[in-house]
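Colleague: Pasting in a structure now, in structure tokens, and then I'll have a few things to ask.
The values are calculated or read from the model by the stated rules, or taken from the named source; none is laboratory data. What you see is a predicted model; the values in this text were computed from it and never measured. In this analysis, Cβ positions are derived from the backbone assuming ideal geometry, glycine residues included, and neighbour counts consider all displayed protein chains.
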Amino acid sequence: MSLGFKTPLFYCHFNTAQLGSSRPRSQKHRILSVEPVQTSVFDGYSVPRNNKIRTDNLGKVKLNKDFVLRSKSVLTVDKEVDVDANEGLGRKRSSYDAIVIGSGIGGLVAATQLAVKGAKVLVLEKYVIPGGSSGYYERDGYTFDVGSSVMFGFSDKGNLNLITRALKAVGCEMEVIPDPTTVHFHLPNDLSVQVHREYSDFISELAAKFPHEREGILKFYGECWKIFNALNALELKSLEEPIYLFGQFFQKPLECLTLAYYLPQNAGDIARKYMKDPQLLSFIDAECFIVSTVNALQTPMINAAMVLCDRHFGGINYPVGGVGGIAKSLSKGLVDQGSEILYRANVTNIILEHGKAVGVRLSDGRELFGQTIISNATRWDTFGKLLKGETLPKEEENFQKLYVKAPSFLSIHMGVKAEVLPPDTDCHHFVLEDDWARLEEPYGSIFLSIPTILDSSLAPKGHHILHIFTTSSIEDWEGLSTKDYEAKKKVVADEIISRLEKKLFPGIRSSIAFMEVGSPKTHRRYLARDKGTYGPMPRKIPKGLLGMPFNTTAVDGLYCVGDSCFPGQGVIAVAFSGVMCAHRVAADIGIEKKSPVLDAALLRLLGWLRTLA
Ligand SMILES: NC(=O)c1ccc[n+]([C@@H]2O[C@H](COP(=O)([O-])OP(=O)(O)OC[C@H]3O[C@@H](n4cnc5c(N)ncnc54)[C@H](O)[C@@H]3O)[C@@H](O)[C@H]2O)c1
Ligand SMILES: CC(C)=CCC/C(C)=C/C=C/C(C)=C/C=C/C(C)=C/C=C/C=C(C)/C=C/C=C(C)/C=C/C=C(\C)CCC=C(C)C
């Protein structure tokens, strides 16, 4: 069927067979565009923004799903645009301004930020709910967080509360419960350190354990505050967008120079400037390890500063009802903005045309087209699987030279009788019993969160949730029969529980009411992450954040978002990556300011900077 209409002022003709996923044949179209303030998409068809049609009364012009202009008479045409269906094919058949592959926090933040700017976005999620590693699952009356329950960036203060801001952008707000202790460390030589919410309490506790290093401790964490304050002073947008970046340099030169100075530095080197005690330096390693899965010498200083200060500035706050609520709220917000999310939508290919990403193919054969494609899958998955058969771009080769996949996790989700936990038990624990050398080894350190300490509604009455996890590589779990695989999960989980029983909670084993063990294969299966990886980690000592790629890729129209983009792993980190990505994409599709000349210069500069990493 063909819908067409003519007014004395303009002509518009669409063939409905060309809508949605169907591919247009080569033929002439006349495409209308309206001012960006109205819409960037002609109900499913993206239009070149440089060919604007003026309207007398923008507010009244509406295009409905059937491409019928309700207020035809108020339109006046500047010029008609004649577009051949063979050139820029993807763009013309694009149903969306952006298609986002994956609904992790990175993908959802990119999608919602674009949607509030007026873009029409489609998120495709392989699983049945949103969130990826920040998702949830329910069993026997328990609501488990899939991954970490430690939420940075979730306060009502400053500029770095990126989770709060992302939710607010789409009109959502979540009730949170302040966590009085970010983490309780249980370390070799019976070193026990609680990271209190109050900075001065934390410093007093640490300095009491290392009185001879009091000054060094103050200097190291003081340097972290310098960076945090600089970050907190900036408006955070895409570092790949020159108008913004140069604008920030102009408005906040000191802060930007501070950040530029620390960009290539790592936390371990700075710690060593001020501290000598090997045990204290190992403590700093543990501080970094829990957020980067590597020691301090390999942890970018900007990232370390960000987390070591945010936990005291805005504090760690837990969302009532569980971490999964964040992704649920963002997805709802996305739909409220007129964009879409599709579950059980497994993207198997990114479709390229003349080297440009124009669409995606799903495992059920459907094809969907967008003006831009944003992948929230890891860069390894994006370039290794979704673009299989294409030559790996030089930029990605470099990324893979600098970064390897961090191991995955073995996770134990447990329900226990409440009385087994001593009163005043902290919510989050990190356990490394005897040997500092085991910090980064598989199964060496144990992470433990008990979110029901903060929100008892997550478990049946009289019970607590224990989420225990430890690093583990997929290679350990492959090639086993189902029986051996299940047996191995039991043996490894038993061992971890025994260690916790010995170190923290005597009697815990006999209080277990529910238990489920996930291996790296579980992470790979449910999160669609290559080898179930937790994210990228540097192959050797990195130059801080210098080598970390941003959101644009060597493939025109394809962007990456999530933890294999600057600044790396972490919910708040991927939220920032989402904000940056949305800004860059918005500039490229014409809903934010852009300067092609400056763009080219900045991209060259950033490319050159990365070669120094
Ligand atoms: N493991 C943890 O302890 C934990 C917990 C919470 C958050 N985090 C942080 O979250 C970060 C990851 O966040 P993120 O936003 O980068 O991504 P993510 O891995 O959390 O989410 C990616 C999403 O994309 C989907 N996906 C992947 N490939 C797909 C495909 N081909 N088709 C359709 N959907 C596909 C996955 O199903 C998943 O929902 C990690 O670095 C970590 O720091 C970790
Ligand atoms: C030239 C250029 C480019 C530039 C110039 C200069 C400048 C301006 C710069 C700027 C920069 C920026 C802005 C940056 C930013 C950054 C950021 C934001 C960052 C962030 C980060 C974050 C992170 C890393 C985070 C992380 C976290 C995590 C990982 C977490 C985790 C957790 C867990 C696991 C938990 C634990 C548990 C237990 C213990 C139980």
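Colleague: Given the residues LEU527, LEU598, LEU558, which is the only one that is within 16 Å of ligand 1 (Cβ to nearest atom) and modelled with pLDDT of 95 or more?
Modeller: On the way: LEU527 fails: modelled with pLDDT of 95 or more; LEU598 fails: within 16 Å of ligand 1 (Cβ to nearest atom).
After ruling out the rest, the residue left standing is LEU558.
Colleague: Among the residues of region 407-421, write down those that are in a loop (DSSP other than H, G, I, E, B) and either modelled with pLDDT of 95 or more or within 11 Å of ligand 2 (Cβ to nearest atom) (or both).
Modeller: First, pick out the residues of region 407-421 that are in a loop (DSSP other than H, G, I, E, B): 407, 421.
LEU421, the sole residue that qualifies.
Colleague: Mind listing just one residue for me: the one in region 260-269 that is outside any loop (DSSP other than H, G, I, E, B) and either surrounded by fewer than 19 Cβ atoms within 10 Å (Cβ to Cβ) or within 16 Å of ligand 1 (Cβ to nearest atom) (or both) and, of those, farthest from the chain's Cα centre (by Cα)? Give the derivation first.
Modeller: First pass over region 260-269, keeping only residues outside any loop (DSSP other than H, G, I, E, B): 260-262, 266-269.
Imposing the further condition that a residue be either surrounded by fewer than 19 Cβ atoms within 10 Å (Cβ to Cβ) or within 16 Å of ligand 1 (Cβ to nearest atom) (or both) reduces the set to 260-261, 269.
Numbers: ALA260: 23, TYR261: 25, ASP269: 27 Å.
Within region 260-269, the match that is farthest from the chain's Cα centre (by Cα) is ASP269.
The rows are residues; the columns are (1) away from ligand 1 (no atom under 12 Å from the Cβ); (2) within 14 Å of the chain's Cα centre (by Cα); (3) in a loop (DSSP other than H, G, I, E, B); (4) not small (Gly, Ala, Ser).
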position	(1), (2), (3), (4)
LYS521	yes, no, no, yes
LYS531	yes, no, no, yes
CYS565	no, yes, yes, yes
ALA573	no, yes, no, no
MET580	yes, yes, no, yes
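Colleague: Related question: Filter region 552-563 down to the residues that are part of a loop (DSSP other than H, G, I, E, B) and under 18 Å from ARG529 (Cα atoms), then identify the one that is nearest to ligand 2 (Cβ to nearest atom).
Modeller: ASP563
Colleague: Go through (1) modelled with pLDDT of 95 or more; (2) within 30 Å of VAL585 (Cβ to Cβ) and name the single condition GLU198 misses.
Modeller: For GLU198, the failing item is (2).
Colleague: State all residues of region 519-544 that are surrounded by fewer than 20 Cβ atoms within 10 Å (Cβ to Cβ) and within 15 Å of ligand 2 (Cβ to nearest atom); if no residue qualifies, say none.
Modeller: LYS543
Colleague: So, in region 222-244, how many residues would count as being crowded, with 19+ Cβ neighbours inside 10 Å, within 11 Å of ligand 2 (Cβ to nearest atom) and in a helix (DSSP H, G or I)?
Modeller: Matching residues across region 222-244 total 7.
Colleague: Still on this structure: Does any residue of region 388-405 turn out to be part of a loop (DSSP other than H, G, I, E, B) and surrounded by 18 or more Cβ atoms within 10 Å (Cβ to Cβ)?
Modeller: Keep residues of region 388-405 that are part of a loop (DSSP other than H, G, I, E, B), which gives 388-393.
Narrowing the set further to residues that are surrounded by 18 or more Cβ atoms within 10 Å (Cβ to Cβ) leaves none.
Within region 388-405 (the criterion being part of a loop (DSSP other than H, G, I, E, B) and surrounded by 18 or more Cβ atoms within 10 Å (Cβ to Cβ)), the answer is no, since none of the residues qualifies.
Colleague: Out of curiosity, is ALA575 crowded, with 24+ Cβ neighbours inside 10 Å and either hydroxyl-bearing (Ser, Thr, Tyr) or within 12 Å of ligand 2 (Cβ to nearest atom) (or both)? Lay out the reasoning, then the answer.
Modeller: Values: crowded, with 24+ Cβ neighbours inside 10 Å: yes; either hydroxyl-bearing (Ser, Thr, Tyr) or within 12 Å of ligand 2 (Cβ to nearest atom) (or both): yes.
Considered against the rule, which asks whether it is crowded, with 24+ Cβ neighbours inside 10 Å and either hydroxyl-bearing (Ser, Thr, Tyr) or within 12 Å of ligand 2 (Cβ to nearest atom) (or both), ALA575 comes out as yes.
Colleague: Would you confirm whether any residue within region 166-176 is farther than 30 Å from CYS581 by Cα and modelled with pLDDT of 95 or more?
Modeller: Taking region 166-176 as the starting set, the residues that turn out to be farther than 30 Å from CYS581 by Cα are none.
The answer is no, given that none of the residues of region 166-176 is farther than 30 Å from CYS581 by Cα and modelled with pLDDT of 95 or more.
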